[in-house]
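Taking it in order: structure first as structure tokens, then the write-up.
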Amino acid sequence: MPVDSAILTPVVDILDLLGVAVFALSGALLAAKERQTFVTMAFFALVTGVGGGTIRDLLIGAPVFWVGDAWVAAICLATALIAWLTPTSWWEGRLLDFADGLGLTAYAVLGASKAMSYGIPPFPAILMGIITGCVGGIIRDVVAGRPSIIMRPELYVTAAALSAVLCVIGKTLALPDAITWTVATVAGFMLRSAAI
Amino acid sequence: MPVDSAILTPVVDILDLLGVAVFALSGALLAAKERQTFVTMAFFALVTGVGGGTIRDLLIGAPVFWVGDAWVAAICLATALIAWLTPTSWWEGRLLDFADGLGLTAYAVLGASKAMSYGIPPFPAILMGIITGCVGGIIRDVVAGRPSIIMRPELYVTAAALSAVLCVIGKTLALPDAITWTVATVAGFMLRSAAI
Amino acid sequence: MPVDSAILTPVVDILDLLGVAVFALSGALLAAKERQTFVTMAFFALVTGVGGGTIRDLLIGAPVFWVGDAWVAAICLATALIAWLTPTSWWEGRLLDFADGLGLTAYAVLGASKAMSYGIPPFPAILMGIITGCVGGIIRDVVAGRPSIIMRPELYVTAAALSAVLCVIGKTLALPDAITWTVATVAGFMLRSAAI
């Protein structure tokens, strides 16, 4: 399968780590709310943080991005540590929802973008973005045994879809990646924020 | 891994798309019952429709069948559109259960058949058929947060098992594929229908 | 990816089958408690038994260990048969929890060990051990629609972590595999047993 080396640029890497960190935070905080131990919080941080990207990589036949890389896992652990050391009240309110929304749209953009770099056609690439954006939160909710976030009557999947579509349009028009990624992530995040 | 080109024949392709469509319908209708948006319905249609085949392809080391193909995803979207545009009352009653049962057995046959084409021994091939038949419905139910269909005290896994076993027997006896697939799908579907 | 042939030694194979069998038993017994049919019990035995190892193999890019091998599946079926033929009262009490704990730690050791054999760095290898140890039980609980075992306020993930860490330390120090595996599995299992 052709691998576009652009996927390895620092910007994608940073976006990827951003998506990991915000999802990891939402996973760790969910475990914290349930009064779990630190190890379980770290487990939730990891599974939520890397879940979406893992499914994306398995689907497009890429090596799973965090398995050969110590940074990603370290970020999940550090995020769990922050969630563990700080009072839960810091994270009350809607901050967690916004973090989840940013992870959702950042992963939607990354999923679509990496899929296109692997030669996936535009339409499946959009779907790949949506699925990988939503999977982290679904795994978190399903493992915790609470109703999945996508079942709430809100614009959730739709926000991921907007980000993924804009990303694929930008890539098809050959716009600069930095602009495409920023616009796509921000647009989806604004739509999601409006629904929170 | 040896790839039998027979897997690419039109009949398998049509069966595969049939399995996708009926599972996609059951996913879209579940989301419709929960009064979700169209995008969420489409997401459920996709995840339910391709879930079983995706697991099958990951397990046997094949490229995931819908990722490089725009048709499969288009069918899921079209199915979601149909479910969205038609009154829910059309789909009341047991139609959804029958659709699910047909998807179950069609996927069980396809999973076993494709596994054998990839050189998997008969016994694991049967299990592959059963697992891939059941996974679409399990993912749908788990993501929706409702009790999984396989926990109901009905003949569900057993119907998938019957289809997968008949398929592997037919393939081992070198019967014509069209006959094997038809008999195996119909037999499992009849057993499942008796239980509905 | 470099494959260390040591992974194919009899000891690992036996440990792998042990992990499969105890998890399979816990899956079959859960289905038995819900008064499911034998086929559904066998399905739960299989999914629970091979779930952790399947995720491990997908993550590290190895062929899925049970797909080309008839033994693993046969062990799951035999375990389901035992659970089906014996009175449920035999399995009451904490035996199931101990079986699950042994599967957890045996898989944590195996996951970490096989990951290192595939050239995964130590830290991700530990995480791989933890994830693969916990996934079998999570799949079992999620599919059955009951609260996942890792949400109980007990030392569960921590026991898997202890086993995986000890395994990676032992491998890094080049201790004999048999000693490393035994010590790591037993230590994690004792921690888990203390929590039951």
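Label points for residue A:37 are taken 7 Å from Cα along Cα→Cβ. From this copy to the others they lie 4.1, 4.1 nm apart, shortest first. Heavy-atom accessible area buried between chains A and C is around 1900 Å² (1.4 Å probe, both sides summed).
Peptide A:126-137 has a mean of 3 when you count, residue by residue, the C-beta atoms of other protein chains within 10 Å of its C-beta.
Along the positive direction of the dipole of chain A (beta-carbon charges: Lys, Arg +1; Asp, Glu -1; about the Cα centre), which of A:49, A:116, A:91 reaches farthest? Going by the charge dipole, the pick is A:91. Shown here: the range A:5-195, whose C-alpha atoms stretch 48, 38, 25 Å along the first, second and third principal axes, sorted largest to smallest. Carbon-plus-sulfur fraction of the accessible area of the protein assembly as shown, 1.4 Å probe, in percent? Of all accessible area on the protein assembly as shown, carbon and sulfur atoms account for 72 percent. A 1.4 Å probe run over the protein chains yields, for chain B, 37 Å² of accessible area per residue, whole-number rounding. Amide H to amide H distances under 5 Å link residue A:62 with no residue, where only residues 5 or more positions off or on other chains count and H is placed in the peptide plane. What separates the residue A:14 label point from its copies, with the point 7 Å along Cα to Cβ, is 5.4, 5.4 nm, written shortest first.
Exposed loop sites, defined as trypsin sites (Lys or Arg not before Pro) outside DSSP H, G, I, E and B with at most 15 other Cβ atoms within 10 Å, are absent from the longest region of chain C, namely C:95-196. Karplus-based coupling profile of the range B:54-69, in residue order and whole Hz: 5, 4, 3, 5, 5, 5, 8, x, 8, x, 5, 4, 9, 6, x, 10, with θ = phi - 60° in 6.51 cos²θ - 1.76 cosθ + 1.60 and x standing for Gly or Pro. Based on alpha carbons, the Rg and Dmax found for the protein assembly as shown are 22.6, 67 Å. Each listed q (0.13, 0.18, 0.24 Å⁻¹) maps to a log10 I(q)/I(0) for the range B:17-101 from the Debye sum over equal C-alpha point scatterers, namely -0.38, -0.69, -1.09. Based on Cβ point charges of +1 for Lys and Arg and -1 for Asp and Glu, what charge dipole magnitude is obtained for the range C:5-195 about its Cα centre, in debye rounded to the nearest 20? With Lys and Arg at +1 and Asp and Glu at -1, about 240 debye. Modelled spin labels at residue B:190 and residue B:146, positioned 7 Å past Cα toward Cβ, are 2.9 nm from each other. Subtracting the Cα-Cα distance of residue B:179 and residue B:34 from their residue separation scaled by 0.36 nm leaves 48.3 nm. The distance separating the Cα centre of the range B:110-129 from that of the range A:134-196 comes to 36 Å.
Given the rule -39500 (n - 2.57) for each run of at least 4 DSSP H residues, summed and divided by the residues of chain A, what is its mean residue ellipticity at 222 nm, to the nearest 500 deg cm²/dmol? So the helix-based figure for chain A works out to -25500 deg cm²/dmol.
Contact order for chain B, expressed relative to its length and based on alpha carbon pairs under 8 Å spaced 6+ residues apart, stands at 24 percent. Position residue C:94: other-copy label points at 4.8, 4.8 nm, ordered by increasing distance, label point 7 Å along Cα→C-beta. Dipole size of the protein assembly as shown about its Cα centre, with +1 on Lys/Arg Cβ and -1 on Asp/Glu Cβ: approximately 860 debye, rounded to the nearest 20.
Taking one quarter of the surface of the convex hull spanned by the alpha-carbon atoms of the range B:107-176 gives a direction-averaged projected area of 4.7 nm².
For residue C:171, the lysines whose Cα falls under 24 Å of its own Cα, not counting residues fewer than eight places away in the same chain, are C:114.
The values are calculated or read from the model by the stated rules, or taken from the named source; none is laboratory data. Predicted model, so just to flag it, every value in this text is computed and none were measured. All Cβ positions, glycine included, derive from the backbone under ideal geometry; neighbour counts span all protein chains shown. Note: accessible area is taken over every heavy atom of the protein model, side chains too, but ligands, DNA and RNA are not part of it. Shrake-Rupley method; radii C 1.70, N 1.55, O 1.52, S 1.80 Å.
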